[in-house]
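The values are calculated or read from the model by the stated rules, or taken from the named source; none is laboratory data. Just so it is clear, the structure is predicted and the values come from calculations on it, not from any experiment. A quick note on method: Cβ atoms are made from the backbone with ideal geometry, for glycine too, and the neighbour counts reach across all protein chains shown.
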Amino acid sequence: MGIPSPVTNIHTKNLDISTREKKITWDPSSDLTVTSYNIYRSEVSYGDFEKINTDPITDLFYTDTVPLTEVYPFQWWYKVTAVNPDGESDLAATFPSTDIDIDAFINQPFDPAVPQVLSEQNLLKPDDGTQFQYLRSTKINPRWFLEIRRRHKWLLEMGGTKVWLLKRKYSGQLCPNFDQLRNQHRQMAVGTIDPCYGTKYLGGYHTPINIMISFVNPKVRSVKFKEYGIEIDYTATNWTLWEPNLLDRDIIVRVDNGERYEALNITRTSWRGVILSQRLDLRLIEPTSILYKIPVPQP
């Protein structure tokens, strides 16, 4: 019998924004021995996926209700597996599991003197980390954006740093120590820990999310290089992928050494409304800060 083949064509649809209801549908596995399906959810497409169904799913759809207290992230990612007596299939992604046609890309060094080459004769080469590849397309289409996002993800996997993201709360249950009339925190007894960590809402921050960030060494942040004989100043910045959406005052916790940073001056690189990456400044938080009391999973 063997492990079943994955499902195909997974789609999600918002049923009720006020209650965060989402309906996930998929096409069945081609394996006739499949007895049920499992649903997995994550805050980010490249993060750890957690199984959310408590009972085996025998239909080709599932309705998920995200808790109202979870304001961030605004987008959830789902994967589906097929199950038979021999085990569970590979995870199938939220996006339709069909091959993406990228024949429209032209893989050649950018040089105005080089004539345009027919796209179907120039398929993309695998990333090898040894050379730059310049991509030109005869059209601007979603496939172009998907390739840029895929390349960004590959770069982070090669040289990024694993961190915990603590997203600051901007709604939910008010902090019991917060005085709304004076818009400030009441003084607490010595030795007690503020359950809101200096914020207006109970808990202060959402559940940690595991993401990757490309850190810039402050010593080499400002560099100079020459292009066509002209000296150019370049300032490198910390950056991460397009999701989850970052906001100022979110907290970044390095997994390797435990250092904590406050995210500031967040900007997003985009093209025609599609966010490709997020750039941010990071302010190192003093170890004596209450923000070091926020619990995060240990490696």
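Within the stretch 153-164, identify whether any single residue is modelled with pLDDT under 80, small (Gly, Ala, Ser) and loosely packed, with under 14 Cβ neighbours inside 10 Å, and answer yes or no.
At the first step, the residues of the stretch 153-164 found to be modelled with pLDDT under 80 are none.
No, because not a single residue in the stretch 153-164 is modelled with pLDDT under 80, small (Gly, Ala, Ser) and loosely packed, with under 14 Cβ neighbours inside 10 Å.
Among the residues of the stretch 246-270, just one is touching a Phe, Trp or Tyr at 6+ places or on another chain (Cβ under 7 Å) and either more than 18 Å from Gly160 (Cα to Cα) or assigned to a loop (DSSP other than H, G, I, E, B) (or both), namely Val255. Checked against (1) of a type in the set (Ser, Thr, Tyr); (2) part of a loop (DSSP other than H, G, I, E, B); (3) at pLDDT below 80, Thr207 passes all but a single condition, namely (3).
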